[in-house]
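Please read the structure below before turning to the comments.
The values are calculated or read from the model by the stated rules, or taken from the named source; none is laboratory data. Because the structure is a prediction, the values reported are computed rather than measured. Cβ atoms come from the backbone with ideal geometry, glycine included; neighbour counts cover every protein chain shown. Areas reflect the complete protein model, heavy atoms only, side chains present, ligands, DNA and RNA absent. Shrake-Rupley method; radii C 1.70, N 1.55, O 1.52, S 1.80 Å.
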Amino acid sequence: MTDHSLPRRLERPSALAFLGYVVAIVIVIWAFQGAGFSLDKVLTSPPRFADFMSRAFPPNLESEVMARLGRKMVETLQIAFAGAVLGVILSLPVALLAARGLIAGPWINGIVRNILGFIRAVPDIAWALVFVVAVGLGPFAGTLAIMIDTIGFCGRFFADDMEAVDKGPSEALTATGARRLDITACATLPAAAPAFVSTALYALEKAVRSSTILGLVGAGGIGIELKVGFDLFDYPTAMTVILMIAVVVIAIEALSTWARKTIIGEQR
């Protein structure tokens with residue numbers, strides 16, 4: 001028998017739900033006002049953007065400029081790789097303390113997770129400013145900023161990965177009287193290893209993207225060249241930097257995807 005009933009109409013919201021919708025709309029309007037959103041500026045921006053593009057093209061491809069930018073891009077990659085490697089290595093012991101039900105009690109889990117939350121809440125460029133003050137201008141400050149940012153990123157996800165593994169092997173070892181540390185080393189870590197690899201590769205991609213702008217605050221890398229280009233209205237050089245950053249970031253992401261598929265067989 002064919003059902004000819006009318007489609008179900010939207011239910012009338014309750015008074016509390018309606019109030020919630022009103023509050024949400026007010027918050028959105030308030031956010032747009034505070035952000036200085038202007039439809040007039042949006043409509044009048046294309047000519048100015050076209051003027052910038054006409055002054056930025058063709059990019060500056062002079063050999064001297066490309067050699068200088070190339071050295072800065074290599075420095076950027078060095079900052080990203082060094083900071084990411086240190087951050088991933090240091091994330092593992094931190095994640096062991098943050099993961100619930102492994103080697104630490106609830107109080108330590110909570111404290112470490114709050115610390116990781118604080119690290120993630122502070123932007124990497126703010127960490128770069130902190131380390132510029134602490135260790136001075138240059139790529140070392142950028143490396144430390146990437147390291148701290150990676151610890152906040154990987155520490156949280158490593159902990160979640162260990163909590164999400166199959167509990168069967170751990171419970172079997174527990175039944176034999178194995179210690180917590182032995183259970184973690186023999187069951188939890190091997191099971192979470194593929195997820196660790198995936199997270200570490202994502203952290204490397206993130207580090208490369210972040211390291212391209214750390215030079216804006218004096219933490220080394222190609223970001224300083226981008227800032228100088230715009231400050232001096234040298235738009236062709238600035239466009240060259242932008243294109244170099246785009247090519248390098250896309251290439252790193254492609255290599256990371258290939259490595260992820262090769263090592264663990266699938267993307268996370």
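Once Rh is set to the Kirkwood radius over Cα pairs, what Stokes-Einstein translational diffusion coefficient, in µm²/s, holds for the stretch 1-123 at a temperature of 25 °C and a viscosity of 0.890 mPa s?
109
Given +1 at the Cβ of Lys and Arg, -1 at the Cβ of Asp and Glu and no other charges, the dipole of the chain around its Cα centre is 420 debye to the nearest 20. When the Gaussian network model of the chain links Cα atoms closer than 10 Å, the mean-square fluctuations of 15, 50, 219 top out at 15. Average accessible surface for the stretch 63-267: 49 Å² per residue, computed with a 1.4 Å probe over protein heavy atoms with every protein chain in place. Relative contact order, whole percent, for the chain stands at 24, derived from Cα pairs under 8 Å and 6 or more residues apart.
Roughly what % of Cα-Cα distances in the chain sit above 24 Å, to the whole percent? Distances greater than 24 Å cover 65 percent of the Cα pairs. Please give the FRET efficiency for residue 21 paired with residue 62, using the beta carbon to beta carbon distance and R0 = 41 Å, rounded to the nearest 0.05. Between residue 21 and residue 62 the formula returns 0.10. Could you tell me which helices of the chain pass both thresholds, a Cα extent of 20 Å or more along their own axis and a mean Kyte-Doolittle hydropathy of at least -1.0, with helices taken as whole DSSP H runs? Those that clear 20 Å and a mean of -1.0 are 15-34, 39-56, 63-98, 106-121, 139-164, 189-211, 235-264. Using a Gaussian network model of the chain in which every pair of alpha carbons under 10 angstrom is joined by a spring, one finds that among 115, 222, 242 the greatest mean-square fluctuation is at 115.
Panel note: the C-alpha atoms of the stretch 122-235, placed on their principal axes, show extents of 69, 28, 18 Å (largest first). Accessible-area rank, largest first, for 186, 154: 186, 154, with all protein chains present and a 1.4 angstrom probe. Heavy-atom surface analysis with a 1.4 Å probe gives the stretch 63-267 a carbon and sulfur content of 71 percent of its accessible area. The mean sequence separation of alpha-carbon pairs under 8 Å and at least six residues apart, normalised by the residue count of the stretch 58-203, gives a relative contact order of 29 percent.
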